[in-house]
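What follows is a set of notes on a single structure, which appears directly below.
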Amino acid sequence: MDLHLSNQIHVIGFTPLAKFYAHAIALTPNLSVQILAHHPPARANWDVEGRRLRLYSRSGQFISSAEISCPEPIADPALRYRGVPLAKQLNNIIIDTETGAILPTLRNLRHRIDRQTTICLLHSGLGLVDDINEAIFPDPNERPNFVLGESTHRVGRISGYGYSVQYRQSGSLYLYGVPRLENTEFALLGMQQSQHLIQMLATQQSLSVVPLPKARFLWWKIPWLIFSSTADCVSVMLGIKYSQIGPNPYARSLMIDLLEEAITIVSKFPELQVMPHKVESFLRPQFRRKMRAYLNAQGTNTSPWIAKVRMGRAPPIDYFNGYLVRRAEEIGIDAKHHRMAMAMVKARVNARTWELRTDLLGTTPYMTDTDAIGGGRPAPKPEDYEIDWEEM
C-alpha cells in the first residue's frame, strides 16, 4: 500500500487555542492550514478582518499576523445540493472545540475520513478516542490514526475581533501517537502518518512540541485529570467556587474521598508499572499537598465546569471521572465515589436544563442565592416529571 503524506492541516474549532495553532501553522514554510468552522459568521468576519489571523501580547502589543483561507463550513453531507461534488479527503486534523461538538462534527465529516487520516485531539480528558471509534468508526480497518495532545500555551480572546488572539503565556504542546491495535501493514503505515503530523507541528518552534511515549504522557496528564475529577466535580456538585471547598468541612471531605479513590485507581494502571518510581510519586503525601496547593492557587475563581452547567451544557465529566470509573472496572477496583459524583453532576445538569427550559421571558430570579450555578426557583412539583414518586 502506498503511503501518502500531505502537508495540509485542517483545524476544527474556533476557540482561541485553535486559532493560535492555525496562526502558527500558517507561518510555517511548506505547510498549509484550513479552518473548518460550524458558524456562518466566522466566514463573514474573515473578510471584514482582512483575511488574516493576528497575534497580540498580553499587553496588547502586536506580535505577528498570517494570511489564511476563508474557513470552510462543516455541513451535513446529506444536505448538500445535487451535482455538487463531495469535498476532498482530510489527511491531517487538529480538533480543539467543545466536547459535545466533537462527535457530531466528526459524524458530518465521516465521508472525508479514512485510515489514512490522522486526528490530533487537544482535549484535557482521556477516553474520548474509544467513544469516537465506537460511535463513528466501528470497523477497525477504516479507523483513522489518533494523536492525543495537551497544550499548556495560554491564550485568550480579544473582544470584538474573531480573528485576533491574545498570547498570555508560552507553554508546550505534548503529543502522543496512539498505536493501532492490529498488527498489520496498516498499523505501521498509521504510525508513520501520525509521526508525520507530529513532525510537521514540531517544525514550528513557537509551539514547543514535546513527543512522549504513552507511559510518560499519562504520567504528565494524570495530575490535571485528578484535579478536575475532584475539585471541578465538587464545585459543580455543591455549586461553590474553588475557594469555598477548603473552609467547608463537608466539601473538603467529598474532595478527599474522590482524591484518595483516584490515586488508588491510577496507581494500578498497567501501563504505568514500567515507571514504578513515577507511580510512587502519586502515593506520597507530597502529591496530595500539590493538589491542595493548586486548589488554593485558584483563589476565588469559578470552575469552568460551572459555566457549562449554567448554560445547561454537560461538562466533560465522562472523560475525567468517567474515565477513572471505566479504568477501575478494567482493573477490578471499586470506584463508588466517582460513580456517585458522576450521577450528582449529571443530575445538576438535568435540573439546570429543566430550569432554563421552563423560564418564562427571563422572569426567573437566577443567581439570587449562593449557588454559583444558579437557582432561586421553587422546588419542582412531582407532577412536573413523568415519575411515579410513590415507587421511589
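Worth pointing out:
- Residue count for the stretch 42-71, restricted to those that are under 10 Å from Gln166 (Cα atoms) and crowded, with 18+ Cβ neighbours inside 10 Å: 3
- Search result, residues across the stretch 146-204 that are over 21 Å from Pro16 (Cα atoms) and among the charged types (D, E, K, R): Arg180, Glu182, Glu185
- In the stretch 159-166, the condition of being touching a Pro at 6+ places or on another chain (Cβ under 7 Å), closer than 28 Å to Arg43 by Cβ and in the same structural domain as Leu27 (by TED's automatic domain parsing) is met by at least one residue.
- Only a single criterion out of (1) farther than 30 Å from Gly100 by Cβ; (2) in a helix (DSSP H, G or I); (3) of a type in the set (Val, Ile, Thr) is not satisfied by Val274, namely (2).
- Some residue of the stretch 143-150 being surrounded by fewer than 21 Cβ atoms within 10 Å (Cβ to Cβ), free of Cβ contacts under 8 Å to residues at least 60 places away in the same chain and over 17 Å from the mean Cα position of the chain (by Cα): no
- Condition met for Arg58 (more than 29 Å from Phe137 (Cβ to Cβ) and modelled with pLDDT of 95 or more): no
- Out of Ile256, Ile245, Ile226, sole residue that is free of Cβ contacts under 8 Å to residues at least 12 places away in the same chain, among the hydrophobic types (A, V, I, L, M, F, W, C) and either surrounded by 14 or more Cβ atoms within 10 Å (Cβ to Cβ) or not assigned by TED's automatic domain parsing to the domain that holds Ala335 (or both): Ile256
- Of all the numbered requirements in (1) more than 27 Å from the chain's Cα centre (by Cα); (2) at pLDDT 55 or above, Arg352 misses one, and that requirement is (1).
- Matching option when the condition is in contact (Cβ under 8 Å) with a residue 24 or more places away in the chain, of a type outside the set (Ser, Thr, Tyr) and either over 23 Å from Ala314 (Cβ atoms) or surrounded by fewer than 18 Cβ atoms within 10 Å (Cβ to Cβ) (or both), among Ala135, Ala187: Ala135
- Cβ pairs under 9 Å, 6+ apart, first in the stretch 301-319 and assigned by TED's automatic domain parsing to the domain that holds Ser124, second crowded, with 16+ Cβ neighbours inside 10 Å and among the basic types (Lys, Arg): none
- The stretch 132-156, residues that are in a strand (DSSP E or B) and within 30 Å of Leu55 (Cα to Cα): Phe146, Val147, Leu148, Gly149, Glu150, Ser151, Arg154, Val155, Gly156
- Within the set Arg327, Arg284, Arg288, Arg339, the sole residue that is closer than 30 Å to Thr97 by Cα and either aliphatic (A, V, I, L, M) or more than 20 Å from the chain's Cα centre (by Cα) (or both) turns out to be Arg339.
- Failed item in (1) part of a helix (DSSP H, G or I); (2) over 23 Å from His196 (Cα atoms); (3) within 21 Å of the chain's Cα centre (by Cα), with Leu17 passing the rest: (2)
The values are calculated or read from the model by the stated rules, or taken from the named source; none is laboratory data. If you're wondering where the values come from, they're calculated on a predicted model, not measured in any experiment. Here the Cβ is made from the backbone with ideal geometry for all residues, glycine too, and neighbour counts use every protein chain on show.
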